[in-house]
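The values are calculated or read from the model by the stated rules, or taken from the named source; none is laboratory data. Fair warning: this is a prediction, and the values are worked out from it, not measured in the lab. With ideal geometry, Cβ positions are generated from the backbone for all residues, glycine too; neighbour counts draw on all protein chains shown.
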């Protein structure tokens, strides 16, 4: 007896294989049959859902998010489930919620920390996963451990990358996190404290990832004028350590030469020929989002949040901050303020969605002063303050998507447009990134076939991450499934209204349970924390 049969849909198994009209049967959370339509006996199922004319796909795997704390605050992951996501990978860009030395440190390291959230606390990485496991999760979760968090656990907010013994201590801490269930190791080399680290500091930690056969995912040091140095550093670190390298959101930023993407792919191909294991992922839109505080020079980010706020309040120090010759975003240096939007704020949530040219006019000040004023006004929540800029090019994304090893990611956080996270945003398309990819790049522009596009959301990330029996519609696999209308799937989020859910998603199953039914979110949260991986 089957629990459920999805009958008569256009089945894409996630591997890139061609479509067939088929039935998918599920029992006890596992796919037990995938057959041509009509081959299964509907009388042997407790429930049959007619899905003719709809696409039946593995659930989408978002292999780069920052939902480490938002899932603790509200595990439903509404913005993700509403667009077919069934698995998230957190702990990216060097930022993870654990390990920490004290409960007070959680606020300092947790991305999108929310003071109003009620939750148990933790110290070690395994403790954090236990707290996450005790939360009702709308999606499955894989957690990476971040270099920045490990650095702070060993060195605090010191403005140096660590001596030999410090680096050894960090590597030991990474190993402990791997033993406790970390799915990989990440770095954010444009953020503090990752910006302090050189390859000699990172290689010992990456060697731990290699030993455990886990990924090393990196937000490289630079993707604009010195893009080649940033990517070469990532490749060199992987080559020396033997780690499998995942270059996060690889597309170059504003300020890079036109040929930067093509050159980067040539560098990767040469390294591969000499046995360095490299893959990468892209964000499927032209908006780049990050912490507003990342615009500060490294010296201005050192120490505690109170120390950062003191610098922002000092007029002389502020002028030195604005004189930074190499800010993280060259679009700031170019004064293209109308292409930069406030994305997330607590104190200033009334101006979220406005561009900084508007904000500067409204406040009667230069937009750069508005940026620093807003950071100061956000106070202890300044590390949750986000902005977005129009910094990517479609041509670069198209070129990456033509590579078979390229996955598609959100670089966002799981939120909801009601409840404790209703004012939070992770990116301008956080509510519709997967839908936009299938709508804009696959259906409307035909950059990829539907089969190849779905593989980049399913089997490509699953294989890269070493997920066991996920990412494909195969017998014996977990029943993480998305059923959608390819004609009508659409991203509905805009800069002014970024919290609109995607449309065209009909049914979503997470571990065999209905998370969405007929386009409506069900009160079911069947996600699991994943702690075991295959090499």
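Taking the listed residues 496, 469, the one that is over 20 Å from the mean Cα position of the chain (by Cα), closer than 24 Å to residue 280 by Cα and surrounded by fewer than 24 Cβ atoms within 10 Å (Cβ to Cβ) is 469, with no other qualifying.
For residue 189, are the conditions met, namely being in contact with a helix residue (DSSP H, G or I) (Cβ under 7 Å, 6 or more places away or on another chain) and farther than 19 Å from residue 463 by Cβ? Yes; evaluated as a whole, the condition is true for this residue. For the range 333-344, filtered to residues that are in a helix (DSSP H, G or I) and touching a strand residue (DSSP E or B) at 6+ places or on another chain (Cβ under 7 Å), the residue that is surrounded by the fewest Cβ atoms within 10 Å (Cβ to Cβ) is 338. Kindly evaluate residue 149 against the criterion of being assigned by TED's automatic domain parsing to the domain that holds residue 195 and crowded, with 16+ Cβ neighbours inside 10 Å. Criteria met by residue 149.
Check whether at least one residue in the range 114-122 is in contact with a strand residue (DSSP E or B) (Cβ under 8 Å, 6 or more places away or on another chain) and closer than 28 Å to residue 216 by Cβ, and report yes or no. There is no residue in the range 114-122 that is in contact with a strand residue (DSSP E or B) (Cβ under 8 Å, 6 or more places away or on another chain) and closer than 28 Å to residue 216 by Cβ. Filter the range 270-284 down to residues that are more than 16 Å from residue 93 (Cα to Cα) and assigned to a loop (DSSP other than H, G, I, E, B) and give me whichever is nearest to the chain's Cα centre (by Cα). Ranking the qualifying residues of the range 270-284, first place goes to 284. Scanning the range 385-401 for residues that are in contact with a helix residue (DSSP H, G or I) (Cβ under 7 Å, 6 or more places away or on another chain) and not in a helix (DSSP H, G or I) turns up 385, 386, 387, 389, 390, 391.
Remark: pairs (first residue in the range 464-477, within 17 Å of residue 213 (Cα to Cα); second residue at pLDDT 95 or above and surrounded by 22 or more Cβ atoms within 10 Å (Cβ to Cβ); Cβ separation under 6 Å; 6+ apart in sequence or on different chains) = 464/279. Among the residues of the range 1-13, which ones are assigned to a strand (DSSP E or B) and on the phi < 0 side of the Ramachandran plot? Passing the criteria: 2, 4, 5, 6, 7, 9, 10, 11.
Take the range 269-281 and flag every residue that is surrounded by fewer than 22 Cβ atoms within 10 Å (Cβ to Cβ) and touching a residue at least 24 places away in the same chain (Cβ under 8 Å). Answer for the range 269-281, where residues must be surrounded by fewer than 22 Cβ atoms within 10 Å (Cβ to Cβ) and touching a residue at least 24 places away in the same chain (Cβ under 8 Å): 271, 274, 276, 277, 278. Can you confirm whether residue 300 is part of a helix (DSSP H, G or I), touching a helix residue (DSSP H, G or I) at 6+ places or on another chain (Cβ under 8 Å), free of Cβ contacts under 8 Å to residues at least 40 places away in the same chain and under 27 Å from residue 426 (Cβ atoms)? It is true that residue 300 is part of a helix (DSSP H, G or I), touching a helix residue (DSSP H, G or I) at 6+ places or on another chain (Cβ under 8 Å), free of Cβ contacts under 8 Å to residues at least 40 places away in the same chain and under 27 Å from residue 426 (Cβ atoms). When you check residue 360 against the structure, is it part of a loop (DSSP other than H, G, I, E, B) and farther than 21 Å from residue 95 by Cα, yes or no? When the stated conditions are applied, residue 360 does not pass them.
Inspection of the range 118-141 finds a residue satisfying the criterion of being without any contact (Cβ under 8 Å) to a residue 12 or more places away in the chain and surrounded by fewer than 24 Cβ atoms within 10 Å (Cβ to Cβ).
Among the residues of the range 499-515, those identified as surrounded by 19 or more Cβ atoms within 10 Å (Cβ to Cβ), under 22 Å from the mean Cα position of the chain (by Cα) and outside any loop (DSSP other than H, G, I, E, B) are 505, 508, 509, 510, 515.
Across the range 193-214, the number of residues qualifying as under 12 Å from residue 242 (Cβ atoms), touching a residue at least 40 places away in the same chain (Cβ under 8 Å) and either in a helix (DSSP H, G or I) or touching a helix residue (DSSP H, G or I) at 6+ places or on another chain (Cβ under 6 Å) (or both) comes to 0.
Checked against the criterion of being more than 27 Å from residue 405 (Cβ to Cβ), in contact (Cβ under 8 Å) with a residue 12 or more places away in the chain and outside the structural domain of residue 9 (by TED's automatic domain parsing), the candidates 535, 515, 526 yield just one match: 526.
Residue count for the range 115-135, restricted to those that are part of a helix (DSSP H, G or I) and more than 20 Å from the chain's Cα centre (by Cα): 4. With respect to being over 17 Å from residue 464 (Cα atoms) and part of a loop (DSSP other than H, G, I, E, B), residue 256 fits the description. In this structure, residue 457 does not satisfy being over 27 Å from residue 96 (Cα atoms), in a loop (DSSP other than H, G, I, E, B), touching a residue at least 12 places away in the same chain (Cβ under 8 Å) and outside the structural domain of residue 24 (by TED's automatic domain parsing).
Do we find a residue being at pLDDT below 90 and assigned to a loop (DSSP other than H, G, I, E, B) anywhere in the range 367-384? Within the range 367-384, none of the residues are at pLDDT below 90 and assigned to a loop (DSSP other than H, G, I, E, B). For the range 438-454, the set of residues classified as touching a residue at least 60 places away in the same chain (Cβ under 8 Å) and over 17 Å from residue 483 (Cβ atoms) consists of 440, 441, 452, listed by residue number. Set side by side, the residues 404, 325 differ, and just one is in a loop (DSSP other than H, G, I, E, B), assigned by TED's automatic domain parsing to the domain that holds residue 217 and over 18 Å from the mean Cα position of the chain (by Cα), which is 404. Part of a helix (DSSP H, G or I) and out of contact with any helix residue (DSSP H, G or I) (no Cβ under 8 Å at 6 or more places or on another chain): is that true of residue 495 in this structure? In short, no.
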